[in-house]
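These notes concern the structure reproduced below.
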Amino acid sequence: MRMSRMLLKTLREAPADAELPSHVLLLRAGLIKGLAAGLYSFTPLGWRVFRRLEAIIRDEMDASGAQEVHLPALHPIELWEQSGRAAQMGDTLFQLTDRREHGFALGPTHEEVVSDLAGRMIQSYRDLPVTLYQIQTKFRDEQRPRGGLVRLREFTMKDAYSFDTGWDTLDVSYQRAFDAYVRIFKRAGVPVIPVAADSGAIGGKDSQEFIYLTPNGEDEILLCPSCGYAANAEKADFRRPPAIAAEPQPTERVATPGQRTIADLAVFLGVEPRQTAKAVFYRADGKPVFVAIRGDLDVNETKLKNVLKARELEPMDDAMVRNAGLVAGSAGPVGLSDMLVVADASAVEAANLVAGANEADVHIRNVNHGRDWTAEVVADIALARGGDACPVCGAALEVRRGIEMGHVFKLGTIYSEAMGVQYLDDEGGRHPAVMGCYGIGVERMLAACIEANHDSNGIIWPVEVTPYDVHVVALNLEQEAVGAALEAVEAELAAAGLSALVDDRGESAGVKFKDADLLGMPVRITVSPRALEKGGVEVRDRRNGVTEIVRADDAVATVRALLTAAAAGRAPKD
RNA sequence: CGGGGUGUAGCUCAGCCUGGUUAGAGCGCGCGCUUUGGGAGCGCGAGGCCCCCGGUUCGAAUCCGGGCACCCCGACCA
């Protein structure tokens, strides 16, 4: 491809509204153009990269035995009502009506549609197991699109769904998908770690996310440096610091003027935070919920939401707090009525806690569960934090941030039951298929690929992702010798099956070199009078900038060697 | 949806506080000449509903009110 003919504009300066390195480079290299919040167009060069990522995904999915399908992006709303997710997705679901006033949704994901297809086609255990996948556009009316390609309203997902006769064979399908993901991210040059993840209110069993660790990420991950335990903060467990054991003592009211936070209260009364009870009030699907947890811990709202099987969980507003007879700063579980009380195990096990008296500036000492108050629900609803003890080995957990690249998830029979995916076993018995689902965000993967593969000059494409294998810079192209050498190099590259982007523009040498670095092809060849004088063409490794002059005849072999070394992850020679 | 910020040329921004000529710069773009090893030089030129609507005023990019858009931080997800 000749650059003089390509629709491509590189930017010398970064647009002001881009912050992430990947976003800046995507725009500066002219790979994407914004249309509106969370919506981007791909340029010819950007689309080439996108399609190479798709090709890697397709290749590995096919190799894993999955079969590609193509499902509609436009879904009858009934399908979403049938699964119950129209309500669950809420405003995230883009909805519209056709000319007959029938409701439709733009698919945010495809469990419903694929289940409908599978339900119509799967009849017997002989049809199972089967894994279907597609690479499809998804639509989500996100609360906040952000980070260039990191969080979009229209994006491409590779989504796969496995159907099995039972949980045991689902384990096999799940592992196959997992292994395919490991290979996909490796080939795409995106370093990821699998972490235990929340499976949501819908339930399901194992769920793991593939996370690209970066300070720019939106997810909080807890990692154990000692044993390798890794979990999304929503899911993470930890060993709580032990409570102080003691015999229950009689309760005692105590004046605590102005002591509204756990920290203040603990100092005021001369106790440790873990000797207090923290009270937090929520609305779960509109209903008031009182949550008690030991004072040194925080509530994990995801865990709480799951325990309550709530669709929506939000802090109570002030009016609701007053109506419930609660006093913020001095709230406690003693004497509450007309409200669901949920407690973390920590608040139940600990003896003689200090708790609010539901009266301004008054607390109660020596509050004990079972004697002074009772929780209807006792569960693990505590939030793991950096420094907490690893649930596996006890070492201090570290907090990192990351971007979710993919998610693998054992769904079970939730959708097969709702959507009617059933099979007959060898005795004629009818059962719902056991499902798994597996997603990868393709644009997000492209963003992470750039985050992980760039330097201050621009992108450094992994060999399997690069839009062209070689960037050929021609200088003084008007000189006959240069023109001839360029044509020879182009012909040899083509004959060797290597793709090339050829800078034949009338720009100055500096502009061409800067653009070559920015655009990030792994190898650059310079065809110029100076190189010809030295006996050939110049070949340069983008990774370290090292150049060598080789005979034009040897250019292809040299390029090959550099690409192979880069693909193998071998250190560039210097 | 809560908090913060920004809307002036394709991009980065000045001008706004303290209203007053034809609204500016750099980069980019077009033409000509010159130039070709790290975003070159000279000359000429095109390009603006100053986000939108309303108000104040003799007069608004500038002051006031109301919208909208975009970005960042939080609650949600691939």
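The values are calculated or read from the model by the stated rules, or taken from the named source; none is laboratory data. Values in this document were obtained by computation on a predicted structure and should not be read as measured data. No Cβ is skipped: glycine too gets one built from the backbone with ideal geometry, and neighbour counts run over all protein chains shown. For the accessible areas, the whole protein counts, side chains as well, though only heavy atoms, and no ligand, DNA or RNA atoms are used. Shrake-Rupley method; radii C 1.70, N 1.55, O 1.52, S 1.80 Å.
I need the GluC sites (Glu not before Pro) found in the stretch A:384-445, filtered to DSSP loop residues with at most 16 other beta carbons within 10 Å of theirs.
Numbers: sites: A:GLU398, A:GLU404, A:GLU417, A:GLU427, A:GLU443; in loops: A:GLU427.
Passing sites in the stretch A:384-445 are A:GLU427.
If the cut-off is a Cα-Cα distance under 12 Å, which aspartates and glutamates reach A:LYS186, setting aside same-chain residues fewer than 8 apart in sequence?
A:GLU60, A:GLU464
Hey, any idea what % of the stretch A:100-233's accessible area is carbon plus sulfur with a 1.4 Å probe?
After summing per-atom areas, the C and S share lands at 47 percent.
Per residue, how much accessible area does chain A show when a 1.4 Å probe rolls over the protein heavy atoms, in square angstrom?
Per residue, chain A has an accessible area of 45 Å².
Considering the dipole of the stretch A:388-515 built from charges on the beta carbon (Lys and Arg +1, Asp and Glu -1) around the Cα centre, which of A:VAL489, A:CYS449, A:PHE409 is farthest to its positive end?
Looking along the dipole axis, the top candidate is A:PHE409.
Calculate how steeply helix A:44-63 sits against the longest principal axis of the alpha-carbon atoms of chain A, using the helix alpha-carbon long axis, and give the answer as 0 to 90 degrees to the nearest 10.
70
May I ask you to give the percent of accessible area on the stretch A:344-502 that is carbon plus sulfur, with a probe radius of 1.4 Å?
47
Identify all aspartates and glutamates with a Cα-Cα distance to A:LYS410 below 14 Å; exclude those on the same chain that are fewer than 8 residues away in sequence.
Reachable aspartates and glutamates: A:GLU111, A:ASP159, A:ASP164, A:ASP168, A:ASP171, A:ASP198, A:ASP206, A:GLU209.
For the stretch A:211-271, would you read off the P(r) tail past 15 Å as a percentage of all alpha carbon pairs?
72
Only loop residues by DSSP count here, and only those with at most 12 other Cβ atoms within 10 Å; note down the trypsin sites (Lys or Arg not before Pro) in the stretch A:196-301 that meet that.
Answer in residue order: no site qualifies.
Give the value in nm², to one decimal: projected area of the alpha carbon convex hull of the stretch A:433-483, averaged over all directions.
Averaged projected hull area, Cα only: 6.6 nm².
For the stretch A:458-474, just list the computed ³J(HN,Hα) in residue order, Karplus coefficients 6.51, -1.76 and 1.60, θ = phi - 60°, integers in Hz, with x standing in for Gly and Pro.
x, 7, 10, 5, x, 4, 7, 10, 3, x, 9, 5, 9, 10, 9, 9, 9
When the expected Rg is taken as 2.2 N^0.38 Å, what fraction or multiple of it is the alpha-carbon Rg of chain A?
Rg over 2.2 N^0.38 Å, computed on Cα atoms: 1.20.
Would you mind giving the average projected area, over all directions, of the Cα convex hull of the stretch A:252-379 in nm² with one decimal?
It is 6.8 nm².
Please give every one of the aspartates and glutamates within straight-line cross-link reach of A:LYS512, meaning a C-alpha to C-alpha distance under 18 Å, and leave out same-chain neighbours fewer than 8 residues apart.
A:GLU13, A:ASP455, A:ASP469, A:GLU478, A:GLU490, A:ASP503, A:ASP504, A:GLU538, A:ASP541
Could you tell me which of A:MET6, A:PRO44, A:ALA66 has its Cα farthest along the dipole of the stretch A:1-94 towards the positive end, charges placed at Cβ (Lys, Arg +1; Asp, Glu -1), taken about the Cα centre?
Comparing the listed Cα positions along the dipole, A:MET6 ranks first.
Could you check how much of the accessible area of the stretch A:503-574 is carbon and sulfur, as a whole percent, using a 1.4 Å probe?
That share works out to 48 percent.
For the stretch A:468-567, with only Lys/Arg (+1) and Asp/Glu (-1) charged at the beta-carbon, what is the dipole magnitude about the Cα centre, in debye rounded to 20?
On the way: 11 positive and 17 negative charges, 82 e Å.
Result for the stretch A:468-567 is approximately 400 debye, rounded to the nearest 20.
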